[in-house]
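Before any comments, here is the structure.
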Amino acid sequence: MAAAMELRCWGADWGLPSVHTDSLIILAYSRFSGAKLTVSHIDWTWKTLTANSPELLCGDSVVQEPAQILSFMRKQRFNADYELTARQGADTMAYIALLEEKLRPALLHTFWVDAENYTSLTRPWFASRSPFPLNFIVPSRLASVALSRIFLTKGEAPLHRISEIEGKIYSDAKECLNLLSYRLGTANHFFGNSPTSLDAFVFGFVAPLHKASLPSSHLQSHLKQLENLTHFCDNILEVYFSSDHPCPPPPPPPPAVQESMDANLQKLTQLVNKESNLIEKMDDNLRSSPQHKPHRLDPKPSLSSANSSSPA
């Protein structure tokens, strides 16, 4: 029998099961894959300062970071991606990387660096969920971490001020949202009829921007123009997190199915590697072979020129 899993994360608000992007990713994926989690909010506890959110506890294992937590859950046979093809799996990794590179810096800036949003919404929310005297420490600490992360991903020498990269941050974020909207189209999910890990990541990134009452955010205004993305978030909230419309998540795949898919993916990878090596060898042979000037046949005289040159 599998050990019980406990998820420690920030609590709910704004009509969301958690206001924290990474926590939302894990909560959504657990619903998609059928994993049963015991959710423990770190609100109003001393863990608001010391705990890494989200944090998954299962037996003697403690797992942090969304990618690591999802990998751990897959090993426990809770896999929302078991129907994906190899191409779709590669697309999933590419879009997740796009979210991290293009959208996350803008979200961090929107909630933690923008003075009006931080003063009116973000700081009061996190301060009210932290015990005294941590309510004076936690918001400023999280804001400092957010700013450092922005500079780490977007800051390039000789840039030293956030105002120098602010325009680039929001330009990239709008481009990312446009690409996601185009990829989603009129579908409810990014791949097929069932949500996958990509749906969980997009939901975790986009839902707070969609639901938060931000006094200042042109990025939120841009998102509202992409109605399919806002509908995507509302649909997941309605189907998977609404007590009025409970929807049983799909069961995890049987072990035989998962092992067969892993074997097929391994064979496909080996085949691609063999073909790549063969192409490289052919290219090397062509480059090392002597090059000759192409032989050209003398053009045949046309019928008109033949007639003109014939004796009368």
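The values are calculated or read from the model by the stated rules, or taken from the named source; none is laboratory data. Just so you know, these numbers come straight off a predicted model, no measurement behind them. Ideal geometry is used to build each Cβ from the backbone, glycine not excepted, and the neighbour counts take in all protein chains shown. Side chains are part of the model used for accessible areas, which takes the heavy atoms of the whole protein and leaves out ligands, DNA and RNA. Shrake-Rupley method; radii C 1.70, N 1.55, O 1.52, S 1.80 Å.
A quick yes/no check of all residues on (1) assigned to a helix (DSSP H, G or I); (2) at pLDDT below 95; (3) farther than 19 Å from residue 20 by Cβ; (4) out of contact with any His (no Cβ under 8 Å at 6 or more places or on another chain):
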| residue | (1), (2), (3), (4) |
| --- | --- |
| 180 | yes, no, yes, yes |
| 188 | no, yes, yes, yes |
| 201 | yes, no, no, yes |
| 230 | yes, no, yes, no |
| 235 | yes, no, yes, yes |
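Looking only at residues in region 1-60 that are hydroxyl-bearing (Ser, Thr, Tyr) and open to solvent by 10 Å² or more (accessible area, probe 1.4 Å), the one that is farthest from the chain's Cα centre (by Cα) is 45. Scanning region 69-76 for residues that are of a type in the set (Lys, Arg) and under 20 Å from residue 32 (Cβ atoms) turns up at least one hit.
Let's see how each residue does on (1) part of a loop (DSSP other than H, G, I, E, B); (2) of a type outside the set (Ser, Thr, Tyr); (3) under 21 Å from residue 55 (Cβ atoms):
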position: 83; (1), (2), (3): yes, yes, no
position: 92; (1), (2), (3): no, no, no
position: 120; (1), (2), (3): no, no, no
position: 139; (1), (2), (3): no, yes, yes
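Scanning region 126-174 for residues that are of a type in the set (Asp, Glu) and at pLDDT 85 or above returns 166, 172.
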